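The values are calculated or read from the model by the stated rules, or taken from the named source; none is laboratory data. None of these values were measured; they are calculated from a predicted model. Here the Cβ positions follow ideal geometry from the backbone for every residue, glycine too, while neighbour counts run over all protein chains shown.
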Amino acid sequence: MSNEATEPSLIGGRIVTDEGAPRDGWIRVEGGRIAEIGEGPTPDGLRPELSGHWIVPGFVDIHCHGGGGGSLTSTERRQINTAVAAHRAHGTTTMLASLVTASVPRLREQITSLLDPVREGLLAGIHLEGPFLSAVRCGAHDTDMLRAPDPETVAELLEAGEGEVRMVTLAPELDGSVEAVKQLAEAGVIAAVGHTDAVAEQVRPAIDAGATVATHLFNGMRPLHHREPGPVGTLLDDERITVEMICDMVHLHPTVARLVARHAGPSRTVAVTDAISATEAGDGHYELGSLPLTVTNGEPRLADGSLAGSTLTMDTALRNLVERCGLSLPEAVAACATKPAELLGLSERLGSIRTGLAADLVVLDERLRPRHVLKDGSPVPAAPDSAASLAG
């Protein structure tokens, strides 16, 4: 990956757009934006400063807790910077910071610490994954801190976010959840259904109230049953719902991921990492929120064996969708970039390769591995050594 600081003006390769099949061509970058896209030979025979087999838009991750040894739930700025750098090096140019269940005062503190990184463009917003979750399907969330949503607490957390809380996950069977969904929707915040033991009849009112996302479908949910579709069947089958998938092939079998992607289609399928601080930091002992976990062979698990997030990066998610789930590269790009950008209301700025959009680009080799990553036209350096960064 390039470590140069200068903005390249011409990039060559097979360009993956949302307008049809990939095509050989070039992209001219000017002032951090895509100034021109062309097919065939470069203009005036100029040699591209960067080139690769494929050029795709920068990835957009709407569910991420950390990476490189840094946690996005930390109030330390260097940890936040480290996490973002680790994922940018793998092509994620836009991401939400996902917080896990904690006390309301602690969540307020964490939200406040993320406001500057969001306003500086390091992050695209904040996702609250908790505390409004089911204790039966809580996964790696502290059961002592779980609670049903009430209007005052929802308002308090949104107020702390000063408009930067973009998504809140909740379990629709909890008392007050439908009212909370309406409250979130009225505030312009995405309401997501997740970590839920609800039956179908409890999920539908939340969708009707304005919920639009399924938080990591299948994971942290009552399983699909042929006589009780539960949250999985109800969310997947409703055209109003965008479904997240953790595409590490540990959380979901490739066949299941393929079935979901085929049913939901490119307009409703989003790949997420659910990555924790252990991502790109190696096996060992870590924490997610207040809970200790152990990473072995890249799999984070609690003491009881439950999965606790992932060590996935978005470039691996893209490869898994193509190589192990059978999606076309344009379909995988839609899941990793175009659709999540649209969900966040950012499609007029990023998520696709179109003239006028930000030059957030990933240049891939023939094996779909990043050779270069650009954020606003500037090359992204490789992730720093996490241990050195955090020892700081």
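Remarks
- Taking the criterion of being of a type in the set (Val, Ile, Thr) and touching a helix residue (DSSP H, G or I) at 6+ places or on another chain (Cβ under 9 Å), the residues of region 49-91 that qualify are 56, 60, 62, 73, 75, 80, 82, 84.
- Of residues in region 107-120 being free of Cβ contacts under 8 Å to residues at least 40 places away in the same chain and surrounded by 17 or more Cβ atoms within 10 Å (Cβ to Cβ), the one nearest to residue 192 (Cα to Cα): 110
- The residue list 291, 236, 259 contains one member that is at pLDDT below 95 and more than 16 Å from the chain's Cα centre (by Cα), which is 291.
- The conditions of being modelled with pLDDT of 95 or more and within 26 Å of the chain's Cα centre (by Cα) are not met by residue 52.
- Consider region 86-110 and keep the residues that are of a type outside the set (Gly, Ala, Ser) and in a loop (DSSP other than H, G, I, E, B). The one that is nearest to residue 341 (Cα to Cα) is 90.
- Residue 172 touching a residue at least 24 places away in the same chain (Cβ under 8 Å) and either in contact with a Pro (Cβ under 6 Å, 6 or more places away or on another chain) or surrounded by 24 or more Cβ atoms within 10 Å (Cβ to Cβ) (or both): yes
- The number of residues in region 267-288 being at pLDDT below 95 and under 17 Å from residue 322 (Cβ atoms) comes to 0.
- Looking across 44, 24, 61, 18, one residue alone is modelled with pLDDT of 85 or more and out of contact with any strand residue (DSSP E or B) (no Cβ under 8 Å at 6 or more places or on another chain). It is 18.
- Qualifying residue in region 129-142 (condition: farther than 17 Å from residue 215 by Cα and in the same structural domain as residue 174 (by TED's automatic domain parsing)): yes
- Hits in region 46-85 (condition: assigned to a loop (DSSP other than H, G, I, E, B) and among the charged types (D, E, K, R)): 47, 49, 76
- Checked against (1) closer than 25 Å to residue 330 by Cβ; (2) in contact (Cβ under 8 Å) with a residue 40 or more places away in the chain; (3) aliphatic (A, V, I, L, M); (4) buried (at least 23 other Cβ atoms within 10 Å of the Cβ), residue 249 meets all criteria but (4).
- Filtered by the rule that a residue be in a loop (DSSP other than H, G, I, E, B) and farther than 10 Å from residue 50 by Cβ, region 6-29 gives 6, 7, 16, 17, 18, 19, 20, 21, 22.
- If you check 123, 146, 133 for being of a type in the set (A, V, I, L, M, F, W, C), under 28 Å from residue 276 (Cα atoms), touching a Pro at 6+ places or on another chain (Cβ under 6 Å) and surrounded by 19 or more Cβ atoms within 10 Å (Cβ to Cβ), only one passes: 123.
- Odd one out for residue 249, checked against (1) outside any loop (DSSP other than H, G, I, E, B); (2) over 20 Å from residue 171 (Cα atoms); (3) not hydroxyl-bearing (Ser, Thr, Tyr): (1)
- Per-region count, region 220-231, residues surrounded by 21 or more Cβ atoms within 10 Å (Cβ to Cβ) and not small (Gly, Ala, Ser): 3
For (1) closer than 22 Å to residue 167 by Cα; (2) free of Cβ contacts under 8 Å to residues at least 60 places away in the same chain; (3) not aliphatic (A, V, I, L, M), each residue gets a yes or a no:
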| residue | (1), (2), (3) |
| --- | --- |
| 46 | no, yes, no |
| 53 | no, no, yes |
| 87 | yes, no, yes |
| 90 | no, no, yes |
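- Residue in region 265-277 that is within 14 Å of the chain's Cα centre (by Cα) and over 17 Å from residue 218 (Cβ atoms) present: yes
- In region 254-302, of all residues being outside any strand (DSSP E or B) and acidic (Asp, Glu), the one that is surrounded by the fewest Cβ atoms within 10 Å (Cβ to Cβ) corresponds to 283.
- Considering region 5-44, the residues that are among the hydrophobic types (A, V, I, L, M, F, W, C) and without any contact (Cβ under 8 Å) to a residue 60 or more places away in the chain include one that is surrounded by the most Cβ atoms within 10 Å (Cβ to Cβ), namely 26.
- Search result, residues across region 339-352 that are in contact with a helix residue (DSSP H, G or I) (Cβ under 9 Å, 6 or more places away or on another chain) and crowded, with 21+ Cβ neighbours inside 10 Å: 350, 351, 352
- Whichever residue in region 300-334 is small (Gly, Ala, Ser) and more than 19 Å from the chain's Cα centre (by Cα) and, among such residues, is nearest to residue 93 (Cα to Cα): 328
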